[in-house]
Amino acid sequence: MTPPNLLVAIPLLHVSSSKAAEEFYCGKLGFALEWHYRPAAPADEPGYLGLKRDGVALHASSFSGDGVAGGVASFHVRDVDALFAEFKARGVPIEL
């Protein structure tokens with residue numbers, strides 16, 4: 001639970017496919033799908049996802065006008081080497 005008066009910012013990333021984003025962020029980056037909104041279900045698109053990992057929330061949306069293509073979100077991690085090793089083991093393509 002968020003303490004009172006604590007400001008929380010949640011990055012919103014625009015994605016071309018919410019289904020592909022769910023597969024990548026959950027399957028490769030270790031996020032959990034907290035919830036999703038897909039008004040045309042059973043169709044996957046458009047979709048809006050609430051993702052979370054290690055207490056960090058992230059939203060991804062394929063709705064037109066949500067987020068900005070090419071946007072950036074920064075994440076500060078305690079052990080970047082361990083995270084790098086985890087992502088590499090999951091087959092995440094990483095450019096050095």
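Results, tabulated for the structure shown:
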{"item": "Of all residues making up segment 46-96, the number that are among the basic types (Lys, Arg) and surrounded by fewer than 10 Cβ atoms within 10 Å (Cβ to Cβ)", "result": "1"}
{"item": "Every pair of residues 6+ apart whose Cβ atoms lie under 6 Å, when the first sits in segment 49-64 and is within 14 Å of Leu29 (Cβ to Cβ) while the second is aromatic (Phe, Trp, Tyr)", "result": "Leu51/Tyr25; Leu51/Phe31; Arg53/Phe31"}
{"item": "Restricting segment 1-45 to residues that are of a type in the set (Gly, Ala, Ser) and in contact (Cβ under 8 Å) with a residue 12 or more places away in the chain, the residue that is surrounded by the fewest Cβ atoms within 10 Å (Cβ to Cβ)", "result": "Ser16"}
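Computed from the coordinates by the stated procedures, all read-outs in this text should not be read as laboratory data. The structure presented is a predicted model; accordingly, all values stated were derived computationally and were not measured. Note: ideal-geometry Cβ built from the backbone for every residue, glycine included; neighbour counts use all protein chains shown.
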